1. Residue by residue through segment 112-125, note down the ones that are out of contact with any Leu (no Cβ under 7 Å at 6 or more places or on another chain) and buried (at least 22 other Cβ atoms within 10 Å of the Cβ).
2. Would you point out which residue out of Glu319, Glu324 is under 24 Å from Lys201 (Cβ atoms), more than 25 Å from the chain's Cα centre (by Cα), open to solvent by 20 Å² or more (accessible area, probe 1.4 Å) and at pLDDT below 90?
3. Among the candidates Phe132, Phe145, single out the residue that is of a type outside the set (Asp, Glu), farther than 30 Å from Thr275 by Cα and open to solvent by less than 40 Å² (accessible area, probe 1.4 Å).
4. What is the number of the single condition among (1) at pLDDT 85 or above; (2) among the charged types (D, E, K, R); (3) open to solvent by 50 Å² or more (accessible area, probe 1.4 Å) that Lys224 does not meet?
5. If we scan segment 45-62, do we find a residue that is surrounded by fewer than 19 Cβ atoms within 10 Å (Cβ to Cβ) and within 21 Å of the chain's Cα centre (by Cα)?
6. Looking only at segment 177-190, filter to residues that are of a type outside the set (A, V, I, L, M) and farther than 30 Å from Ala280 by Cα; which one of those is most open to solvent (accessible area, probe 1.4 Å)?
7. Name the single residue that is surrounded by the fewest Cβ atoms within 10 Å (Cβ to Cβ) among those in segment 157-172 being among the aromatic types (Phe, Trp, Tyr) and not in a loop (DSSP other than H, G, I, E, B).
Amino acid sequence: MKKIKKVSLGVIFYKNLKYIPKFLETIFNQKKFNWEIEYIFRDQDPEKEVFFYIKKNFPEYFEKIKFFTKDWWFHSEWHNFLIKKSEWDLYFCLSNDMIYPENLVSKFVDFFEKNNEKIATCKIKRWDFSIFAKTWNLEKSKSNFIDSIWIWICENHHFYDIWQGEKDFWQYDNLKEIFWPSWAFFVCDKNFFENNFFDEKNIPHYKNDCDFSYKLNWQGISTKILTNIEVYHDRQLEWNWKKIFWKIKNLRERNDFFLWDSLKWHLNLLKKNFTFKFWAKIFLKTFANEVKKFLFFLIFKPKLLKIYFDFWKNSWKIEKNFDEKLENFWEKMKKILEQME
């Protein structure tokens, strides 16, 4: 059995000061045994708002944190940076709009010490911050509804949180592994990293988590899930993808930068990970889905069509992620789903 000596808790902040007091309390009140916790934070706000807020209001925590504030980088670059700066046996990727149980670190340390695994996550449930803000009762604000367990990939290459909003009555507690973890929270073994974690060049921000999940799949690596651990997340953005008119209305109201970011990196994701060895229906559904997106931009956001031209011009520079000799991962996903039947 291997011995864990040090764990690193990394988080990238961007505004949302309201979460910080309770977030800090839950991560600094972890039960400790014979291992050390390292806290490494990145303040993404140009005005260093989070940095100065914690320094002023929580000096007892601030002195224990490695804080990085320089430069504007995308999400992929900063996570890669934090991982390289950490001195750890395990890396915990945290989100500041979440709260964590006091035995979070100890349970994951125990798991990784006893098992030769590379990456793991746990059950993420809904934290209703509005209730907490009114009552200051943390327990009342913890709902029994699922926020995320598994990022599902549809056959048309649409990604969403499967089972989101369902009431949790332990129906998924027999899950042992998943293929697309929610990247709001995950834990990795140090030896898992070879070079960069996320692809800074081709997918520096939006959908970098989906790209990395794909990479895990091609390498035959599944994510273990510890369903006996629950963390809580205040969902700030929720999509009702089943209602087509709501979807169009929402997208039309989105600012151009968000849509540019979303579409550009989605196209790069497909270029890196799509293979014609997929079943014919996957190709057809994906093609139809992309045509619908193109028509949306053509009608409602024509000035953003430049994204397509830039993509076609530079797509040859993007290297494929996969080894086509590997077993089709759609079959593997089916096997995992069979655990719940």
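The values are calculated or read from the model by the stated rules, or taken from the named source; none is laboratory data. These numbers come from a predicted model, not from an experiment. Because the Cβ atoms are built from the backbone with ideal geometry, glycine has one as well, and the counts that use them run over all protein chains shown. Surface accessibility is based on the protein's heavy atoms, side chains included, excluding ligands, DNA and RNA. Shrake-Rupley method; radii C 1.70, N 1.55, O 1.52, S 1.80 Å.
1. Across segment 112-125, the qualifying residues are Thr121, Lys123, Ile124.
2. On the way: Glu319 fails: more than 25 Å from the chain's Cα centre (by Cα).
Residue meeting the stated conditions: Glu324.
3. Values: Phe145 fails: open to solvent by less than 40 Å² (accessible area, probe 1.4 Å).
Only one candidate passes the filter, namely Phe132.
4. Exception for Lys224: condition (3).
5. Narrowing segment 45-62 to residues surrounded by fewer than 19 Cβ atoms within 10 Å (Cβ to Cβ): 45-49, 52-53, 55-62.
Narrowing further to those that are within 21 Å of the chain's Cα centre (by Cα): 45.
Checked against the condition, which is being surrounded by fewer than 19 Cβ atoms within 10 Å (Cβ to Cβ) and within 21 Å of the chain's Cα centre (by Cα), segment 45-62 yields at least one hit.
6. Within segment 177-190, the subset of a type outside the set (A, V, I, L, M) is 177, 179-183, 185-186, 188-190.
Imposing the further condition that a residue be farther than 30 Å from Ala280 by Cα reduces the set to 185-186, 188-190.
On the way: Phe185: 0, Phe186: 2, Cys188: 0, Asp189: 15, Lys190: 103 Å².
Restricting to residues being of a type outside the set (A, V, I, L, M) and farther than 30 Å from Ala280 by Cα, the top hit is Lys190.
7. Within segment 157-172, the subset among the aromatic types (Phe, Trp, Tyr) is 159-160, 163, 169-170, 172.
Narrowing further to those that are not in a loop (DSSP other than H, G, I, E, B): 159-160.
Numbers: Phe159: 16, Tyr160: 13.
The residue in question is Tyr160.
Conditions (1) under 20 Å from Glu200 (Cβ atoms); (2) β-branched (Val, Ile, Thr), marked per residue:
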residue: Lys3; (1), (2): no, no
residue: Phe28; (1), (2): no, no
residue: Lys32; (1), (2): no, no
residue: Ile40; (1), (2): yes, yes
residue: Glu47; (1), (2): no, no
residue: Val50; (1), (2): no, yes
residue: Lys64; (1), (2): no, no
